[in-house]
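The values are calculated or read from the model by the stated rules, or taken from the named source; none is laboratory data. Source: prediction; values computed, not measured. Cβ coordinates were reconstructed from backbone atoms using ideal geometry, including for glycine residues, and neighbour counts include every protein chain displayed.
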Amino acid sequence: MPCSELSGKGILSSVSTFMFNVLIFLSCQRFHFNSTFDLFYNIDLTVLIPLTPIVDDFVFSAFGRFVFAPLSIYIFLAYKFWRTRVSIDNVEKFLRNQQPLTPLRYSYTDLIAITCHFREKLGQGGFGSVFKATLLSGHHVAIKMLGNSKLNGEEFINEVSTVGRIHHINIVQLLGFCSEGSKRALVYEYMPKGSLDKYIFSEKGTSAHRPFTWEKLNNIALGVARGIDYLHRGCDMQILHFDIKPHNILLDHNFNPKVSDFGLAKLYPKDYSLVSLSAARGTIGYIAPELVSRSFGVISYKSDVYSFGMLLLEMAGGRRNVDPKMKNSSQVYYPSWIYDRLNQGDELMIDKSIEIHEVERKLCLIGLWCIQMKSANRPSMSKVVEMLEGDTNSMEMPARPFFSSSLPNSVRLSSMKSISEQLSIISEQEDLSNIEG
């Protein structure tokens, strides 16, 4: 039998057979050095033969415990070390190439000092935790510690290469970073009012319980739109965010909005009309249809427009776009419900007693234009900025961008549930494999 066909136990059996033959050889020599050796070498073969299976099991057990088990552990540790080194080498190579453009580099001990051993935690994201820190100058900053996932190398490079070169009033500013072995962190300006989702989702779901006036809400929407428009047109490279949502819109002390979290962002030349991605990216509920199926159009900056439209509708409605807790089943999907009210010319009541505000009507109309299913039918972010700066008198009603309300509610909700399940599967697959593209 060729050696390549021997199993592990077969090899050990051969070893035990060899040991047995050695004992036979020694017993045949009968070297009588003294009585002690005579007793050992004059072993009766009839005693040794039954011991062969015992020797086999003993040798196999010994090799498994003292050779195979440690060897398996060493191989696993070597593989983990290799994966870590590859990630570290990629990040360090990137930092050497980008050194003239990057912000200040901190050591890990510096982060421990300015965060007081990571005492005050501001929040938890998909890629890690955010802590409050105080610089020697007395200024507060936010430290985003990237988690020990296989994606943190890519997110680190994404954020440093995008936010590190951006200076815009509606884009969060990257002040520094840390990269020491597997320890990676990003140092951002501190945003004392937190994220937008804390303010727009009121418990009652009515404008009477919102912390902002309609004019302030319009200004926040306008600031976010200007920030995204700058990413698309104002930089040397076109930056697509791919994760626009309320959680990623931060507010400063005056409630001025700033787009944050560029972990999924991609850079492309400005003259690129389409983008190649191998997997959907973003958050369910804000992902553009073309990221799931190319039948809805090509992937481009219009994918960010769709996400912004969903954000705009949530800001206008003061609730999440999909809310199964709504008593009236027709209001479960807010974009569909508000479209019917606008299209029918109703009085547009968010509840039974409060009439919709003109600003709310404008935000809804613009949001409905942004979430058109075909990407070619959506406006650019520069056009969205113009619409937010103007009024709704000359604004036309967009085409229906989603499932027809003429269908029974059960059928429409079933269809939306099916798409959500498909997006969930895509999201889970993406978590299990490295994001490409």
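The rows are residues; the columns are (1) in contact with a His (Cβ under 6 Å, 6 or more places away or on another chain); (2) surrounded by 15 or more Cβ atoms within 10 Å (Cβ to Cβ); (3) part of a loop (DSSP other than H, G, I, E, B).
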| site | (1), (2), (3) |
| --- | --- |
| Ile228 | no, yes, no |
| His232 | no, yes, no |
| Asp236 | no, no, yes |
| Ile244 | no, yes, yes |
| His247 | no, yes, no |
| His253 | no, no, yes |
| Gly263 | no, yes, yes |
| Leu267 | no, yes, no |
| Asp271 | no, no, yes |
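For the stretch 231-267: of the residues being among the basic types (Lys, Arg) and farther than 28 Å from His139 by Cα, which is farthest from the chain's Cα centre (by Cα)? Working first, answer last.
First, pick out the residues of the stretch 231-267 that are among the basic types (Lys, Arg): 233, 245, 258, 266.
Next cut, farther than 28 Å from His139 by Cα only: 233, 266.
Numbers: Arg233: 25, Lys266: 13 Å.
Across the stretch 231-267, the extreme among qualifying residues is Arg233.
Taking the condition at pLDDT 95 or above and under 23 Å from the mean Cα position of the chain (by Cα), does Ile228 pass?
On the way: at pLDDT 95 or above: yes; under 23 Å from the mean Cα position of the chain (by Cα): yes.
Here the answer is yes, as Ile228 does meet what is asked.
For every residue, the table says whether it meets (1) over 22 Å from the mean Cα position of the chain (by Cα); (2) touching a residue at least 60 places away in the same chain (Cβ under 8 Å).
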position: Ser129; (1), (2): no, no
position: Gly138; (1), (2): yes, no
position: Val141; (1), (2): yes, no
position: Ile169; (1), (2): yes, yes
position: Ser182; (1), (2): no, yes
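Go through Ser375, Ser380 for me and flag whichever is at pLDDT 50 or above and in contact with a Gly (Cβ under 7 Å, 6 or more places away or on another chain). Steps first, please.
On the way: Ser380 fails: in contact with a Gly (Cβ under 7 Å, 6 or more places away or on another chain).
One residue alone meets the criteria, Ser375.
Going by what's in this entry, would Asp304 be described as at positive phi and either modelled with pLDDT of 90 or more or over 19 Å from the mean Cα position of the chain (by Cα) (or both)? Spell out how you get there, then give the answer.
Values: at positive phi: no; either modelled with pLDDT of 90 or more or over 19 Å from the mean Cα position of the chain (by Cα) (or both): yes.
Spelling it out, it is not the case that Asp304 is at positive phi and either modelled with pLDDT of 90 or more or over 19 Å from the mean Cα position of the chain (by Cα) (or both).
Does Ile284 satisfy the criteria of being among the aliphatic types (A, V, I, L, M) and modelled with pLDDT under 80? Even if it seems obvious, please write down each step before you answer.
Details: among the aliphatic types (A, V, I, L, M): yes; modelled with pLDDT under 80: no.
The answer is no for Ile284.
Just to be sure I understand, how many residues within the stretch 179-225 are part of a loop (DSSP other than H, G, I, E, B) and at pLDDT below 90? Outline the logic, then answer.
So the first thing to find is which residues in the stretch 179-225 are part of a loop (DSSP other than H, G, I, E, B), and the list is 181-182, 190-194, 196, 201-206, 210-213.
Applying the additional criterion that residues be at pLDDT below 90 yields 181-182, 201-206, 210-212.
Final tally of qualifying residues: 11.
Can you tell me which residues in the stretch 298-330 are buried (at least 21 other Cβ atoms within 10 Å of the Cβ) and farther than 20 Å from Val224 by Cα?
Ile299
Any residue that is under 12 Å from Asp304 (Cβ atoms) and at pLDDT 95 or above - is there at least one of those in the stretch 252-268?
So far as the stretch 252-268 goes, yes, one or more of its residues are under 12 Å from Asp304 (Cβ atoms) and at pLDDT 95 or above.
Sort out which residues of the stretch 123-133 are out of contact with any Ser or Thr (no Cβ under 8 Å at 6 or more places or on another chain) and either of a type in the set (Phe, Trp, Tyr) or modelled with pLDDT of 85 or more (or both), and write them in order of number.
Correct list: Ser129, Val130.
Which of the residues spanning the stretch 373-389 are of a type in the set (Gly, Ala, Ser) and surrounded by 12 or more Cβ atoms within 10 Å (Cβ to Cβ)? Show your work before the answer.
Of the stretch 373-389, the ones of a type in the set (Gly, Ala, Ser) are 375-376, 380, 382.
Ser375, Ser380, Ser382, listed by residue number.
Of the conditions (1) farther than 21 Å from Gly285 by Cβ; (2) at pLDDT below 50; (3) touching a strand residue (DSSP E or B) at 6+ places or on another chain (Cβ under 8 Å), Arg412 fails just one. Which one is it?
That leaves (1) as the condition not met.
Would you be able to say whether some residue in the stretch 142-158 is of a type outside the set (A, V, I, L, M, F, W, C), modelled with pLDDT of 95 or more and not in a loop (DSSP other than H, G, I, E, B)?
Quick first cut of the stretch 142-158, residues of a type outside the set (A, V, I, L, M, F, W, C) only: 144, 147-150, 152-155, 158.
Narrowing the set further to residues that are modelled with pLDDT of 95 or more leaves none.
No, the stretch 142-158 contains no residue that is of a type outside the set (A, V, I, L, M, F, W, C), modelled with pLDDT of 95 or more and not in a loop (DSSP other than H, G, I, E, B).
Restricting the search to the stretch 388-399, which residues are free of Cβ contacts under 8 Å to residues at least 24 places away in the same chain and either outside the structural domain of Ile356 (by TED's automatic domain parsing) or within 25 Å of Pro289 (Cα to Cα) (or both)? Explain how you work it out, then say what you get.
Of the stretch 388-399, the ones free of Cβ contacts under 8 Å to residues at least 24 places away in the same chain are 390, 393-394, 396.
Selection gives Glu396 alone.
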